[in-house]
1. In the range 60-87, how many are in contact with a Gly (Cβ under 6 Å, 6 or more places away or on another chain) and either of a type in the set (Gly, Ala, Ser) or not in a helix (DSSP H, G or I) (or both)?
2. State all residues of the range 195-228 that are charged (D, E, K, R) and within 18 Å of Ser68 (Cα to Cα); if no residue qualifies, say none.
3. Can you tell me which residue within the range 49-66, out of those that are surrounded by fewer than 24 Cβ atoms within 10 Å (Cβ to Cβ) and aliphatic (A, V, I, L, M), is farthest from the chain's Cα centre (by Cα)?
4. Do you know which of the residues in the range 169-185 that are of a type outside the set (Phe, Trp, Tyr) and surrounded by fewer than 19 Cβ atoms within 10 Å (Cβ to Cβ) is farthest from the chain's Cα centre (by Cα)?
5. Take the residues in the range 191-206 that are farther than 15 Å from His176 by Cβ and of a type in the set (Gly, Ala, Ser), then tell me which one is surrounded by the most Cβ atoms within 10 Å (Cβ to Cβ).
6. Return the only residue of Val188, Val124, Val161 being touching a Cys at 6+ places or on another chain (Cβ under 6 Å), at pLDDT 95 or above and open to solvent by less than 40 Å² (accessible area, probe 1.4 Å).
Amino acid sequence: MITKIKKLFYAGIQYISTKTITDEYINWLTFANAGMLAKGNIYAMKYAIEHLPSMNPVLEIGSFCGLSANVMAYLLQIGEKKNRIFSCDKWIFEGAETDGNIGNSPILNKQYREFVKSSFIRNVEFFSPQNKPYAIEVFSDEFFEIWEKHESVNDVFCRNVQLGGQISFCYIDGNHTYEFARRDFDNVDRYLEAGGYILFDDSSDMNPFGLTRLMKEIKKNQNYALVMKNPNYLFKKLSDMAFA
């Protein structure tokens, strides 16, 4: 049901005036790589990546089939940025958590999740071999727990990597309820450096999810400045003071 709502939502935002970029590679990438990535998000990602304050890593919460990760890897490449990319996803989706069948089909939710994860691996290995994201198979809460401890973990590509430290940009596309999104924001805020950026997927004023309340709260936060609504919200962190 969540996926159906999201598709209908994206069908609607095409009527909103958004800034986009024209790029032949991204056109072909979006043809081949499954995913629901609003064109306005790509423009906002490009802006954030062009203005990254440091070489600290870029983080993605929610990976699906790797489209947004591949877009960010490409934008880093053409921007001549060397920032590493980290992502976290358990590949357990809202509305598909059980082990039952998908609708009336013989396909199990578990099989669907495994297919999407394998699609992520294949897509990233093909499109982003030079800056392959360190993809950690955990929920975002667990990711930040091990990030805080500076643990060394293996990603889905069997690479060992040490976590921890500041980040320069985060794209949040995880659970869209207010409670989860707020927790993701609080966790990101702890590690996002001053001058860094946060982009929230499905955060436009007309979205059917739970982010509109959170956007109002962040707009009132003196530690953050709204960079753009395109139609989703991109914020820049102004200071490292704690979020009130």
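1. Total satisfying the criteria: 4.
2. Correct list: Asp201, Asp202.
3. Of everything passing the filter in the range 49-66, Met55 is farthest from the chain's Cα centre (by Cα).
4. If we take residues in the range 169-185 being of a type outside the set (Phe, Trp, Tyr) and surrounded by fewer than 19 Cβ atoms within 10 Å (Cβ to Cβ), then Glu179 is farthest from the chain's Cα centre (by Cα).
5. Ranking the candidates gives Gly196 first.
6. Working: Val124 fails: touching a Cys at 6+ places or on another chain (Cβ under 6 Å); Val161 fails: touching a Cys at 6+ places or on another chain (Cβ under 6 Å).
Of Val188, Val124, Val161, the one residue that is touching a Cys at 6+ places or on another chain (Cβ under 6 Å), at pLDDT 95 or above and open to solvent by less than 40 Å² (accessible area, probe 1.4 Å) is Val188.
The values are calculated or read from the model by the stated rules, or taken from the named source; none is laboratory data. Keep in mind that this is a model prediction, so the values were computed, not measured. Heads up, the Cβs are rebuilt from the backbone with ideal geometry, glycines too, and the neighbour counts pull from every protein chain shown. Quick note on the areas: whole protein, heavy atoms, side chains included, nothing else; ligands and nucleic acids left out. Shrake-Rupley method; radii C 1.70, N 1.55, O 1.52, S 1.80 Å.
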